[in-house]
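Working notes, structure below.
All of the numbers you see were taken from the coordinates with simple rules; none came from a lab. Worth saying up front: this structure is predicted, and the values here are computed from it rather than measured. Note that each Cβ is placed from the backbone with ideal geometry, even for glycine, and that neighbours are counted across all protein chains shown.
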Amino acid sequence: MSTREERLADKAQNERNIKILKQLMQRADNRICSECRRKDPRWASWNLGVFFCLRCSGIHRSLGTHISKVKSADLDTWTVPQIQNMQRWGNGKASQYWENELPSGFMPAEK
């Protein structure tokens, strides 16, 4: 069982993490889903460092946690290492890495 001070420290750290996450979500490259390009993504894969929409979050969840570790940007708590990975990547940088070989202007097909 944790002490009151530990719970308050955890709560304060989580509030800092949420503030950083909200700032990251305001960046232009993170304002669209990294997969289908829909506006205002509210989910993320913290190990891949990308934000995506609810529909695509289900797809990422079905890939398995060994590939994509999915969290809600609004509902879940975030640790410092998870936030740091989101800061390190972001949709723009991840797209450059993962979609490097795709033709310019490529848009994924609707499913």
**Item:** Packing-based order for 58-70, 81-93, using average beta carbon neighbours within 10 Å, highest first
**Value:** 81-93, 58-70
**Proximal lysines relative to residue 39, as straight alpha-carbon distance under 19 Å, when same-chain residues fewer than 8 apart are discounted** = 22, 71, 93, 111
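Find me the longest stretch of the chain that has none of the exposed GluC sites (Glu not before Pro), where exposed means in a DSSP loop (not H, G, I, E or B) with at most 10 other Cβ atoms within 10 Å.
In short, 1-100.
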**Asked** Hey, rough spin-label estimate for residue 4 and residue 26, points 7 angstrom out along Cα→Cβ, what's it come to in nanometres?
**Response** 3.4
**Fill in**
Per its Cα gyration tensor (rounded if a/c is under 1.5, else prolate when a/b beats b/c, else oblate), the stretch 23-106 is best filed as rounded
